[in-house]
Amino acid sequence: AKRAGGGDYAIFDASMREDAVGRLMLQTDLRQAVERDEFHLAYQPIVNPATGAIRSFEALLRWNHPTRGAISPADFIPVAEEIGLIRQIDRWVMREACAQLSGWQRRFANPDLKLSINTSSAAFAECGFVATLAEVLREFAIRPQSLELEITEGIFLHPSPEIAETIAAIRRLGVRVALDDFGTGYSSLSYINRYPIDTIKIDKSFIDGIGTNRQTRAIVELIVRLGDTLDLNIIAEGVETQEQTDMLMHIGCRAIQGYHFAEPLSARDAGERWHATTAS
Ligand code: C2E
Ligand code: CA
Ligand code: CA
Ligand code: CA
C-alpha cells in the first residue's frame, strides 16, 4: 500500500475498478461517503529546501471507508468524475480547506499561512465556479492571497475561451493558480505561454531521475530557469531523498514538497509543525 498521512491506504483490489460489481459498489459507497461525512483533508508542507521553513501546505483529500479503510484519491477521484460527483466533492474540499485555513490564521494570529487545493477539470469548467470561490473566501474571511488553486493539464484538453477567462477571473480575485504535474502533458510549454499561471509544480517523475539521469536534470534545470525568467514560482514535487534536495537547491529551486521533508499530515500536526517553524 502507498504511504499517506494517517496510515497506509487499504490495498485496493485493482479488479474493483474493472469489474462491474466492484465498480458499482465503489460508486454507491462514494455517494454515501459525501452524505456520511467520511472525507477529511491531509496537509502536506511545501518547504524552502535551504531552511526547512514551511512556505505553504497542499490540502489532499482522504476517504476513510467504513469497512475497507483508507482509499487513495487516485482510485476514487476518477470514479467520482465519472458519476458526476466530483463537483460536489471539490466544493466540499474548498469549504473545508478554507475553514481550516481561517482557523489556523486566527489561532496563530498570522496571516502568512498559505494553502493550495486541488481542482478537478469538471469543477473548474462548471459555470459559477468563480462565484463559489469568491463566496467561500468571504464566508471564512480568507485573504485571497493565501490561497492557490492547483489545476492539471486535463483542463486544457478541450481548450476554450472560457477556460482562459476562468483563470483570469480567479487571478482577479487575488487567488493564485498553479499548474500541477507539469511536464506530463502533451504541450506543457504552450499552456504556460497561453494561460496566466502563477506556479508550476514539476511532476515527481522528473524529480525521481534528477540524481541519476543527466537529461532529466537538464530538463528540471531548464524549468527552474524558465520560472526565474517568467516570474513563476516553481515547486518540485515528490522529493524523497537528500540527494534530490541537494540537487534541487544547486539548480536554484526554492520550494520542494515530498516525503523527504514531510508526508501529508493531520490538520492538528500540520498546524503544530507550522507554528513550530515560524515561532522563534
Ligand atoms: P497530486 O495533486 O499530484 O498530489 C501529490 C500526490 O503525491 C499526493 O498523493 C501526495 O500524497 C503524494 N506525494 C507527496 N510527496 C510524495 C513523495 O515524496 N513520494 C511519493 N511517492 N508521493 C508523494 P495523494 O494524496 O494520494 O493524491 C493523489 C492525487 O489525487 C493527487 O495528485 C490529485 O491529483 C488527486 N487529489 C488529491 N486530493 C484532491 C482533491 O481534494 N481534489 C481533487 N480534485 N483531486 C485531489
Ligand atoms: Ca496537486
Ligand atoms: Ca502533482
Ligand atoms: Ca497527480
- prompt: Just to be sure, is residue 271 surrounded by 17 or more Cβ atoms within 10 Å (Cβ to Cβ) and either over 30 Å from residue 108 (Cβ atoms) or within 16 Å of ligand 3 (Cβ to nearest atom) (or both)?
  reply: no
message: Take residue 152 and tell me if it is at pLDDT 90 or above and within 14 Å of ligand 1 (Cβ to nearest atom).
response: yes
- request: Within the stretch 234-255, track down each residue that is within 16 Å of ligand 4 (Cβ to nearest atom) and part of a strand (DSSP E or B).
  value: 235, 236
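What about residue 186, is it within 23 Å of residue 129 (Cβ to Cβ), more than 16 Å from ligand 2 (Cβ to nearest atom) and either more than 16 Å from the chain's Cα centre (by Cα) or of a type outside the set (D, E, K, R) (or both)? Let's see the steps before the verdict.
Working: within 23 Å of residue 129 (Cβ to Cβ): no; more than 16 Å from ligand 2 (Cβ to nearest atom): yes; either more than 16 Å from the chain's Cα centre (by Cα) or of a type outside the set (D, E, K, R) (or both): yes.
In short, no.
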- request: Could you grab me the full set of residues in the stretch 256-268 that are part of a helix (DSSP H, G or I) and either among the aliphatic types (A, V, I, L, M) or in contact (Cβ under 8 Å) with a residue 40 or more places away in the chain (or both)?
  value: 267
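Just to be sure, is residue 152 without any contact (Cβ under 8 Å) to a residue 60 or more places away in the chain, touching a Lys or Arg at 6+ places or on another chain (Cβ under 8 Å) and hydroxyl-bearing (Ser, Thr, Tyr)? Don't jump to the end; show me each part of the working.
Working: without any contact (Cβ under 8 Å) to a residue 60 or more places away in the chain: yes; touching a Lys or Arg at 6+ places or on another chain (Cβ under 8 Å): no; hydroxyl-bearing (Ser, Thr, Tyr): yes.
No, not satisfied.
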field: Output for the stretch 56-73, where each listed residue is more than 12 Å from the chain's Cα centre (by Cα) and touching a residue at least 40 places away in the same chain (Cβ under 8 Å)
entry: 62, 65, 68, 69, 70, 71, 72
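Report yes if some residue within the stretch 79-93 is in contact (Cβ under 8 Å) with a residue 60 or more places away in the chain, touching a His at 6+ places or on another chain (Cβ under 9 Å) and either assigned to a strand (DSSP E or B) or surrounded by fewer than 21 Cβ atoms within 10 Å (Cβ to Cβ) (or both); otherwise report no. Full working, then the answer.
If we filter the stretch 79-93 for residues that are in contact (Cβ under 8 Å) with a residue 60 or more places away in the chain, which is where we start, we get 79.
Now narrow it down to the ones that are touching a His at 6+ places or on another chain (Cβ under 9 Å): none.
No, because not a single residue in the stretch 79-93 is in contact (Cβ under 8 Å) with a residue 60 or more places away in the chain, touching a His at 6+ places or on another chain (Cβ under 9 Å) and either assigned to a strand (DSSP E or B) or surrounded by fewer than 21 Cβ atoms within 10 Å (Cβ to Cβ) (or both).
Please work out which residue is farthest from ligand 1 (Cβ to nearest atom), limiting yourself to the stretch 115-139 and to residues that are assigned to a loop (DSSP other than H, G, I, E, B) and surrounded by 14 or more Cβ atoms within 10 Å (Cβ to Cβ). Steps first, please.
Residues of the stretch 115-139 assigned to a loop (DSSP other than H, G, I, E, B): 119-120, 126-128.
Next, from what is left, pick out any that are surrounded by 14 or more Cβ atoms within 10 Å (Cβ to Cβ): 119-120, 126.
On the way: 119: 6, 120: 4, 126: 12 Å.
This residue is 126.
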statement: Only unsatisfied item for residue 185, checking (1) at pLDDT 95 or above; (2) within 15 Å of ligand 1 (Cβ to nearest atom), is (1)
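Would it be correct to say that residue 142 is hydrophobic (A, V, I, L, M, F, W, C) and either more than 18 Å from the chain's Cα centre (by Cα) or surrounded by fewer than 16 Cβ atoms within 10 Å (Cβ to Cβ) (or both)?
Details: hydrophobic (A, V, I, L, M, F, W, C): yes; either more than 18 Å from the chain's Cα centre (by Cα) or surrounded by fewer than 16 Cβ atoms within 10 Å (Cβ to Cβ) (or both): yes.
Taking the combined requirement at face value, the residue satisfies it.
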query: Do we have any residue at all in the stretch 245-257 that's within 11 Å of ligand 1 (Cβ to nearest atom) and under 19 Å from the mean Cα position of the chain (by Cα)?
result: yes
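The values are calculated or read from the model by the stated rules, or taken from the named source; none is laboratory data. The structure presented is a predicted model; accordingly, all values stated were derived computationally and were not measured. Cβ coordinates were reconstructed from backbone atoms using ideal geometry, including for glycine residues, and neighbour counts include every protein chain displayed.
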